[in-house]
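Q: Take a look at the following structure, please.
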Amino acid sequence: MTEGTVSHAVCLGCGCACDDIEVTVRNGRITGAINACPIGVEWYGDGTVPGKIMVRGAQATMEKATRAVAELLRAGPALIYLAPDVTTETQRAAIELADRCGARLDSVTSDTAAPGILVGQRRGRATATLGEIRNRADLLVFWAVDPATRYPRLLARYAVDPSGTQVPKGASDRRVVAVDVGGATGPRTASTRIALSNANEAAALGVMRAAVLGRELPGLSSELQAAVDLARQMTKARYVALIHDSELEGQGGDSQRLEGLVGLAQTLNGPTRCALSSLRAGGNRSGADAAMVWQTGFPFAVDFAAGAPRYRPEQPASRAIDGVGGALIVGAAHRAPEVVTRALSGKRIAVIGPRATQVADAEVAVDTGIAGIHDAGIGYRMDDVPLPLPSILAGPASAADVIRTVATAVATGAKS
Amino acid sequence: MPTGGRLRIVGGAVHDPANNIDGEIRDVCIEDGRIVASLPGGAPTLNANGMIVMPGGVDIHAHFASSSCNHARRLLPEEHTADPVPAPKLLDGAGRSGTGGTVPTTFSTAYRYAGLGYTTAFDAAVAPIMARHTHAELDDTPILDAGCFVLLGNDEYLHRQISRGERERAAHYVAWMLAATGAYAVKIVNPGGIEAWKSGQRNLTDIDQALAGTNVTPRAILETLTNAANGLRLPHPVHIHCNNLGQAGNSATTIATMEALTGRRAHFTHLQFHCYGGEAGKGWSSAAKSVIEHVNAHPEHTVDVGQVMFGPATTLTADGPVEYLLYSTSGRKWVNIDVELETGCGIVPYSYKEKAAVATLQWAVGLELFLLARDPWRVVLSTDHPNGGSFLSYPALIQLLMTRGARDEQLQRANPKLLAGSALTDGLDREYTLNEIAIVTRAGPARILGLRQKGHLGVGADADITIYGRDTDIAKMFSSPRFVLKAGQLVVEEGQLRRAPQGRRLHVRPPYDESILRDVRKHFDDYGTVAFDNYAVRDVPGTPAALQS
């Protein structure tokens, strides 16, 4: 499209995946994104992306580039890394490529949300789609997270303000509690807040669970007593939403917190109902997890070297680089965690994704469109609800098509 | 692959019960993916001398391609680590690796189904809002012709229509929903009970118990959706998972549900889980006989059994309250996902142990249903994969049905504590014949699903064919067919998977009154989090199936 408006576009700026964005286009550029939050506005930008193909610093044809990527993958143990901003169709094609090459496969998840997923694999989890929270939750407990900065529309769109089937008056039918842990604070607008020191957080979650189970807990410190009082309020609510940020890069690996939250939410389903809502960032990260699970059985950190998927959660992309000769990044490399880009520096790198040619030191770079702006397909909301991503602007090559071309080059053994 | 899409299968003993062929040695001719009456003399042949020829298997009820399945897969890294599945050596080199366990990955699921001689399967529980995910998984599930059933028994918009007395209008909503989700049939799980679980009422235990503050009862939901499915002339009637699954004494609910729908076409699924006598907290017994006698007397009703097999399973259902109960009594890991405005999801990995009294009772109840059923055309073989066990256990189940000795042997190893009154211990001599097996695994389910071109080998049928090498070890014979053809293509040759073509998507698109959409759109605007315009799955592949005439 060069002129016009697209209604109900899906924004992948964060994991909320708001699908009420009205995008206006003038002269082939995005000039407005009504309803988008600041993160969304930045994510859409003006919709322009480079459309170049580079091999070893020189402009190249698609054929030469895809052959060069195939060579890199064939040269030895390689990592295929799913970065943000690609459709699930692209993710599926990249997983297939990793399977065929016997490569290591990973995604942004391994260095962000992995600890919560691992806890979930040990214990399970009690959760809900965001619409259930919208329609039912009468008590929202924000655990060390204020969505205002990283998920700006969460409160307005899902979690506090909107009316719902069981909360017809919206915000006035709900109570909002902030649990501030160390310097990580909950929403400023919370009607109640309790403060926990980092050192006491795990103990607090333990006594809260005990309180939900009806145990007597004498002699607690005031801090822990406040946590117990909150737990008792939670048991009296009709539907509790316990909300935390599952992927604070570099801080999200607190498995004691995650164990405690998962256990507390499960236990609350005895006396009442509770859903643990784990916030995820943008770029269709949940889609990468979903497609990896259905094709390999594992949500991240997969090794195909033995001819079938093996789970290597102890070796995320940021630490698994030793022994890997090269890496193919599929997606927006500039939106990958810094720990990963640091770990990859000095390796042979190919990038197929939005703004690939802006990645320094990439041996091969193929610019593609951005999922939901140029590339149509499926994108997943943070709660695993799949949404249709539109193509708003004509863009460079579709990432999925480029990956398939690489797969053909790998299969035929074509050389650059 | 034979040239010109032609192949003559010669010398096999053909079991094609839909065409009254019971082990007759005869040729089966294939052209362009279909069965034809004859072929020119020089057509390529496949020698099936000494072998058994049947239509491809049809799984009427399994869980293998849904958001819930994927949550189960995610929960089971230990199973997947223990069962890596290398890529099969396909002729085109396009095989994919994966992992197995009770909930295998998509490609492995397809390869394993085909390896058993199954060529058609339905995922039995798809939340409408997750239908897009199911179709993406099915895109990665080759070989099988496949479709899904869409969960509507706890849909809040439907409940609103029922409470307003607008049941006629509800049928149009059902038709729209089937089209929007690319589904094949309507599924009801624990009617009203999931909504009760989500709203704090915990569950509904009687079909006349209303959801709190409403006049919506399981009976009203059942009647509305049954009438809608039949009124829309869907090829498959409403597919019902009754209230009180797994509870002692639940046979009363099951029979009450069947009675509520007397005279109306309906399918009751995984019946084994709904045939218990006794009383909650006071013991269990088998009530299989009373339930199957009711089914025997009602030709308008069909069932699949949902047999429990000893060994690992993963319980995986929209029936959230049941899974909570299993979690709280077993202490195993547990997933619960409340799905907005529509349904729920619960998952608990499980294991049926022969030394456990309740598991043995469940095993026995399933077999009683099979053995006491008078009309095999209305009783389908299923394990409710992966709930009662993996579909990979179908051959072992077939052996139990065909061999009393195998049943007795298993009984001796099992815990008999709750088997008093079970017809199985009274000596059920019946042994299924090969033709009866062909009925309960392909001809019957195809007929119940309204798949006119499947489940038989008459002229015009899809050339989905399974050829077994004869073996006295029944389980071995059914677990590794010599040849499997899908739409005329040899996918399994000499027991090896050689091709994995894309299967067809099975779905329906009944007409509806578009004027209802204004109100549906308002419901989305008022309570949904996905825009109405983004809800429907676009571009479901394939032509919609014909409605009943």
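The values are calculated or read from the model by the stated rules, or taken from the named source; none is laboratory data. Keep in mind it's a predicted model, so treat the numbers as computed, not measured. Every residue, glycine among them, receives a Cβ derived from its backbone with ideal geometry; neighbour counts consider all protein chains shown.
Q: Has the range B:55-71 got at least one residue that is surrounded by 16 or more Cβ atoms within 10 Å (Cβ to Cβ), assigned to a loop (DSSP other than H, G, I, E, B) and at pLDDT below 95?
A: no
Q: State which residue is farthest from B:GLU354 (Cα to Cα) when the search covers only the range B:378-393 and only residues that are in contact with a strand residue (DSSP E or B) (Cβ under 8 Å, 6 or more places away or on another chain) and part of a helix (DSSP H, G or I).
A: B:ARG378
Q: Collect the residues in the range B:16-32 that are of a type in the set (A, V, I, L, M, F, W, C) and either assigned to a helix (DSSP H, G or I) or surrounded by fewer than 16 Cβ atoms within 10 Å (Cβ to Cβ) (or both), keeping them in residue-number order.
A: B:ALA18, B:ILE25 - these are the residues of the range B:16-32 that are of a type in the set (A, V, I, L, M, F, W, C) and either assigned to a helix (DSSP H, G or I) or surrounded by fewer than 16 Cβ atoms within 10 Å (Cβ to Cβ) (or both).
Q: Please work out which residue is nearest to B:PHE478 (Cα to Cα), limiting yourself to the range B:435-456 and to residues that are in a loop (DSSP other than H, G, I, E, B) and among the charged types (D, E, K, R).
A: B:LYS454
Q: Counting only residues that are more than 11 Å from every other protein chain (Cβ to nearest Cβ), of a type in the set (Val, Ile, Thr) and in contact with a helix residue (DSSP H, G or I) (Cβ under 9 Å, 6 or more places away or on another chain), how many does the range A:109-148 have?
A: Within the range A:109-148, residues that are more than 11 Å from every other protein chain (Cβ to nearest Cβ), of a type in the set (Val, Ile, Thr) and in contact with a helix residue (DSSP H, G or I) (Cβ under 9 Å, 6 or more places away or on another chain) number 3.
Q: Next question. For the range B:94-148, what are the residues that are more than 12 Å from chain A (Cβ to nearest Cβ), among the aromatic types (Phe, Trp, Tyr) and outside any strand (DSSP E or B)?
A: Selection gives B:TYR111, B:TYR113.
Q: Give the range B:333-355 a look and list any residue that's among the charged types (D, E, K, R) and at the interface with another protein chain (Cβ under 8 Å from one of its Cβ atoms), or say none. Spell out the reasoning first.
A: In the first step, residues of the range B:333-355 are kept if they are among the charged types (D, E, K, R); the result is B:333, B:338, B:340, B:342, B:353-355.
Of everything in the range B:333-355, those that are among the charged types (D, E, K, R) and at the interface with another protein chain (Cβ under 8 Å from one of its Cβ atoms) turn out to be B:LYS333, B:ASP338, B:GLU340.
Q: Among the residues of the range B:154-167, is there at least one that is within 13 Å of chain A (Cβ to nearest Cβ) and closer than 19 Å to B:LEU497 by Cα?
A: Within the range B:154-167 (the criterion being within 13 Å of chain A (Cβ to nearest Cβ) and closer than 19 Å to B:LEU497 by Cα), the answer is no, since none of the residues qualifies.
Q: Name the residue, out of A:ALA308, A:ALA350, that is small (Gly, Ala, Ser) and not in a loop (DSSP other than H, G, I, E, B).
A: Working: A:ALA308 fails: not in a loop (DSSP other than H, G, I, E, B).
Within the list A:ALA308, A:ALA350, the selection yields A:ALA350.
Q: If B:THR329 satisfies every condition in (1) outside any loop (DSSP other than H, G, I, E, B); (2) within 14 Å of another protein chain (Cβ to nearest Cβ); (3) of a type outside the set (D, E, K, R); (4) touching a residue at least 24 places away in the same chain (Cβ under 8 Å) but one, which is the exception?
A: Against the list (1) outside any loop (DSSP other than H, G, I, E, B); (2) within 14 Å of another protein chain (Cβ to nearest Cβ); (3) of a type outside the set (D, E, K, R); (4) touching a residue at least 24 places away in the same chain (Cβ under 8 Å), B:THR329 comes up short only on (4).
Q: If you go through the range B:296-314 one residue at a time, do you hit one that is modelled with pLDDT of 95 or more, touching an Asp or Glu at 6+ places or on another chain (Cβ under 7 Å) and part of a loop (DSSP other than H, G, I, E, B)?
A: yes
Q: Go through the range A:1-95 and tell me which strands (runs of 3 or more DSSP E), entirely inside it, have 1 or more residues that are away from chain B (no Cβ under 14 Å) and small (Gly, Ala, Ser).
A: A:4-9, A:29-34, A:78-82
Q: Filter the range A:194-244 for residues that are touching a Ser or Thr at 6+ places or on another chain (Cβ under 8 Å) and charged (D, E, K, R) and give the result.
A: Of everything in the range A:194-244, those that are touching a Ser or Thr at 6+ places or on another chain (Cβ under 8 Å) and charged (D, E, K, R) turn out to be A:ARG209, A:GLU223, A:LYS236, A:ARG238.
Q: Also: Kindly establish whether B:LEU151 is touching a Leu at 6+ places or on another chain (Cβ under 9 Å) and either in contact (Cβ under 8 Å) with a residue 40 or more places away in the chain or more than 18 Å from B:GLY450 (Cβ to Cβ) (or both).
A: Taking the combined requirement at face value, the residue does not satisfy it.
Q: Report whether or not A:PRO316 is under 16 Å from B:ARG73 (Cα atoms) and part of a loop (DSSP other than H, G, I, E, B).
A: Criteria not met by A:PRO316.
Q: Let me confirm something: among A:ARG355, A:ARG342, which residue is modelled with pLDDT of 95 or more and surrounded by fewer than 22 Cβ atoms within 10 Å (Cβ to Cβ)?
A: Matching residue, one of A:ARG355, A:ARG342: A:ARG355.
Q: When you scan the range A:133-157, how many residues do you find that are basic (Lys, Arg) and assigned to a loop (DSSP other than H, G, I, E, B)?
A: 1
Q: What about B:GLU368, is it more than 14 Å from chain A (Cβ to nearest Cβ), surrounded by fewer than 21 Cβ atoms within 10 Å (Cβ to Cβ) and assigned to a helix (DSSP H, G or I)?
A: In short, no.
Q: OK, next. Going through the range B:151-204 one residue at a time, which ones are in a loop (DSSP other than H, G, I, E, B) and surrounded by 23 or more Cβ atoms within 10 Å (Cβ to Cβ)?
A: Of everything in the range B:151-204, those that are in a loop (DSSP other than H, G, I, E, B) and surrounded by 23 or more Cβ atoms within 10 Å (Cβ to Cβ) turn out to be B:LEU152, B:GLY153, B:ASN154, B:ASP155, B:GLY182, B:ALA183, B:TYR184, B:ASN190, B:PRO191, B:GLY192, B:LEU204.
Q: Give A:ARG74, A:ARG122, A:ARG134 a once-over and let me know the one that is surrounded by 24 or more Cβ atoms within 10 Å (Cβ to Cβ) and not β-branched (Val, Ile, Thr).
A: Result of the check over A:ARG74, A:ARG122, A:ARG134: A:ARG134.
Q: Just one of B:ARG26, B:ARG34, B:ARG73 is within 14 Å of chain A (Cβ to nearest Cβ) and either touching a Ser or Thr at 6+ places or on another chain (Cβ under 8 Å) or not small (Gly, Ala, Ser) (or both); which is it?
A: Every option except B:ARG73 fails the conditions.
Q: Please enumerate the residues belonging to the range A:293-324 that are of a type in the set (Lys, Arg) and buried (at least 21 other Cβ atoms within 10 Å of the Cβ).
A: Going residue by residue through the range A:293-324, those that are of a type in the set (Lys, Arg) are A:310, A:312, A:319.
Correct list: empty.
Q: Follow-up. Could you tell me which residue of the range A:382-408 is nearest to A:ALA75 (Cα to Cα), considering only residues that are within 14 Å of chain B (Cβ to nearest Cβ) and assigned to a helix (DSSP H, G or I)?
A: A:ALA407
Q: For residues that are part of a strand (DSSP E or B) and touching a Gly at 6+ places or on another chain (Cβ under 8 Å), tally how many sit in the range B:37-48. Break it down stepwise before answering.
A: Pass one, the range B:37-48, residues part of a strand (DSSP E or B): B:45-47.
Pick out the ones that are also touching a Gly at 6+ places or on another chain (Cβ under 8 Å) and you get B:47.
Going through the range B:37-48 one residue at a time, the tally reaches 1.
Q: Of the residues A:ALA290, A:ALA327, A:ALA275, which is assigned to a strand (DSSP E or B), within 14 Å of chain B (Cβ to nearest Cβ) and surrounded by 24 or more Cβ atoms within 10 Å (Cβ to Cβ)?
A: Being assigned to a strand (DSSP E or B), within 14 Å of chain B (Cβ to nearest Cβ) and surrounded by 24 or more Cβ atoms within 10 Å (Cβ to Cβ) holds for just one of A:ALA290, A:ALA327, A:ALA275, which is A:ALA275.
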